[in-house]
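As structure tokens, the structure follows; a few thoughts come after it.
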Amino acid sequence: MRVRVRYFASLREALGAEETVEADGLATVGALRDHLVARGGAHAVGLARGRAVRQALDQRLCGDDAALRDGAEVAFFPPVTGG
Amino acid sequence: MAARVEIRHEDFDLGREVAALREGDGGTGAVVTFIGTVRDREGDCAGISSLELEHYPGMTEASIEAMIDDAFRRFDIRAARVVHRVGVLKPLEQIVLVAVTSAHRGQAFQACEFLMDYLKTQAPFWKKETRPEGACWVDARVSDDAALERWGIQATNAVAPPGA
């Protein structure tokens, strides 16, 4: 199973705009985040559990328990500041 | 009729936007608009030379469309439009327009404030300020979450996780 992972704002600057991730065995968005943190380096810092990171599945805000599927688009970004 | 939501680089003209929104609608008796603009200072801290706005194309438009649908369910309004700019903006420039029409003023006032409160905490935009000492991303405000809670919607945009 492959998912497209996108990053925005400060996370985009730290991790790049997007990547394709092999997500076999990863059932949820929360599991994907933990998988990315386990890479270490900038991912471990930017996506650390202690940080305020918002996430979306297929362009809708979601929680850790949102279920992944092949071809899904997941995004991680900081709290929003528009308006 | 113009689209309800537009994300764009170009500036907008309030007069034209209002004229288009109420054109031909004899049932409209009230128009309420909000415009957000770029400040050159934050509290006592002066020297903001520019603001860069980033968004999540697709999700941003869809999330604001959903907010407008919600506004139509909650309030007796006739039309609504949101224009939000992205890219690099200078102090005094316009950032966002929310315009709502209704038969009487109360519903349009409330719907306009509701849409702005919603947009501040739920629409994927991010601001980066450039100051003399460098550029930095703007932090989300807990007060914006509180503003949305007035409408019965729990917002946790600015909340850091436990132990952070």
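Values in this text are rule-based calculations from the coordinates and carry no lab data. Not measured: the values here are computed from a predicted model. Heads up, the Cβs are rebuilt from the backbone with ideal geometry, glycines too, and the neighbour counts pull from every protein chain shown.
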Considering only C-alpha atoms, what is the centroid distance from the stretch B:10-39 to the stretch A:1-63, in Å?
39
Identify, among A:Ala38, A:Ala67, A:Gly82, the residue whose Cα sits farthest towards the positive end of the charge dipole of chain A, taking +1 on the Cβ of Lys and Arg and -1 on the Cβ of Asp and Glu, with the dipole about the Cα centre.
A:Gly82
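What shape does the stretch A:1-51 have by the C-alpha gyration tensor, where a ≥ b ≥ c are the square roots of the eigenvalues, rounded means a/c under 1.5, and otherwise prolate means a/b greater than b/c and oblate the rest? The partial results should precede the final answer.
On the way: a/c = 2.01, a/b = 1.31, b/c = 1.54.
Judged from the Cα gyration tensor, the stretch A:1-51 comes out oblate (a/c at least 1.5, b/c at or above a/b).
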I'd like the mean, over residues of A:69-82, of how many other protein chain beta carbons sit within 10 Å of each residue's own Cβ.
6
For B:Val5, distant residues with modelled amide H under 5 Å away
B:Val82
Give me the percent relative contact order of chain A, please, defined on Cα pairs under 8 angstrom at least 6 residues apart.
41
Where does chain B land on Rg/Rh, using Cα atoms and the Kirkwood Rh?
0.98
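Tell me the mean residue ellipticity at 222 nm calculated for chain A from its helices only (DSSP H runs of n ≥ 4, each -39500 (n - 2.57), averaged over every residue, nearest 500). Provide the component values of the computation, followed by the final result.
Working: 3 runs with 21 residues, N = 83.
Rounded to the nearest 500, the figure is -6500 deg cm²/dmol.
Please give the calculated 222 nm ellipticity per residue for chain B, where each DSSP H segment of at least 4 residues contributes -39500 (n - 2.57) and the sum is spread over every residue; nearest 500 deg cm²/dmol?
On the way: 4 runs with 51 residues, N = 164.
That calculation yields -10000 deg cm²/dmol at 222 nm.
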